[in-house]
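Derivation of every value follows stated rules applied to the coordinates shown; laboratory data play no part. Predicted model only: the values in this text are computed from it and were never measured. Virtual Cβ from ideal backbone geometry, glycine too; neighbours counted across all protein chains shown.
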Amino acid sequence: DVKVTQSSRYLVKRTGEKVFLECVQDMDHENMFWYRQDPGLGLRLIYFSYDVKMKEKGDIPEGYSVSREKKERFSLILESASTNQTSMYLCASSSLTTGNTEAFFGQGTRLTVV
Amino acid sequence: KNQVEQSPQSLIILEGKNCTLQCNYTVSPFSNLRWYKQDTGRGPVSLTIMTFSENTKSNGRYTATLDADTKQSSLHITASQLSDSASYICVVSAGQAGTALIFGKGTTLSVSS
């Protein structure tokens, strides 16, 4: 059974803290993604990576950075957390195989910045 | 600009009734369209995938349709159950590799007894 695992279900951090959200997939997928999901706005792409050490900005990269040192792990970093980064964060992975573009999602991390 | 629009934004129905969710898209080049179900507090899970040449695809009580000419898709739920209460998200993949995933904002369905 395919699996994308996010390190935390719930996190509470203080403004200004550096926050790490970790995501691991066991499907040997090339693509990995970080989204945030907010009421009324749907899922918005923050960053994605299509290979180790490769990263591309999504629609809303400001205030975030990412790291992909190993194929199975994709980390999202909030350099200095702010209250407007309170959100649900979803990690996903997918294969580059043509015709198989299903994205598999983790269970989500609900981050609250106080 | 690539966009996916879903309607209605939210829907409340009685258990046992049918309902239809709509998805309109302007995405190019089109690769495929998926419907995802997202239970509260969980990540989305794929229900169906439809490619350009497919008109209808079923997954149990879920039936998705695709009209590539009008760029519209629908998800029909038959004989709804309480467990169908969730958000349903339409996602269109752009490009051959499908790396560009264009998400709709979702329809929140509540099934009441």
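Are any of the residues in segment A:33-45 surrounded by 18 or more Cβ atoms within 10 Å (Cβ to Cβ), touching a residue at least 24 places away in the same chain (Cβ under 8 Å), under 30 Å from residue B:9 (Cβ atoms) and among the charged types (D, E, K, R)?
Yes, segment A:33-45 contains a residue that is surrounded by 18 or more Cβ atoms within 10 Å (Cβ to Cβ), touching a residue at least 24 places away in the same chain (Cβ under 8 Å), under 30 Å from residue B:9 (Cβ atoms) and among the charged types (D, E, K, R).
Quickly run through segment B:24-58 and pick out the residues that are facing chain A (nearest Cβ under 10 Å), crowded, with 19+ Cβ neighbours inside 10 Å, more than 15 Å from residue B:100 (Cα to Cα) and in contact (Cβ under 8 Å) with a residue 12 or more places away in the chain.
The answer is B:36, B:38, B:44, B:49.
What pairs come out if I take residues in segment B:76-92 that are assigned to a helix (DSSP H, G or I) and pair them with residues that are surrounded by 17 or more Cβ atoms within 10 Å (Cβ to Cβ) whose C-beta lies under 7 Å away, six or more apart or interchain?
Going by the 7 Å Cβ cut-off, the qualifying pairs are B:82/B:111; B:84/B:77; B:84/B:109; B:84/B:111.
Looking at segment B:88-98, is at least one residue aliphatic (A, V, I, L, M), under 14 Å from residue B:33 (Cβ atoms), over 12 Å from the mean Cα position of the chain (by Cα) and within 14 Å of chain A (Cβ to nearest Cβ)? Working first, answer last.
Of the residues in segment B:88-98, the ones aliphatic (A, V, I, L, M) are B:89, B:91-92, B:94, B:97.
Checking the rest, the ones that are also under 14 Å from residue B:33 (Cβ atoms) come to B:89, B:91-92, B:94.
Then keep just the ones that are over 12 Å from the mean Cα position of the chain (by Cα); that gives B:94.
From what is left, the residues that are within 14 Å of chain A (Cβ to nearest Cβ) are B:94.
Among the residues of segment B:88-98, at least one is aliphatic (A, V, I, L, M), under 14 Å from residue B:33 (Cβ atoms), over 12 Å from the mean Cα position of the chain (by Cα) and within 14 Å of chain A (Cβ to nearest Cβ), which makes the answer yes.
Being closer than 23 Å to residue A:92 by Cβ and either assigned to a strand (DSSP E or B) or polar (S, T, N, Q) (or both): is that true of residue B:11 here?
Numbers: closer than 23 Å to residue A:92 by Cβ: no; either assigned to a strand (DSSP E or B) or polar (S, T, N, Q) (or both): yes.
No: the conditions fail for residue B:11.
Only one residue in A:80, A:67, A:93 is more than 23 Å from residue B:91 (Cβ to Cβ) and part of a strand (DSSP E or B). Which one? I'd like the intermediate steps shown before the answer.
Values: A:80 fails: part of a strand (DSSP E or B); A:93 fails: more than 23 Å from residue B:91 (Cβ to Cβ).
So the residue among A:80, A:67, A:93 that is more than 23 Å from residue B:91 (Cβ to Cβ) and part of a strand (DSSP E or B) is A:67.
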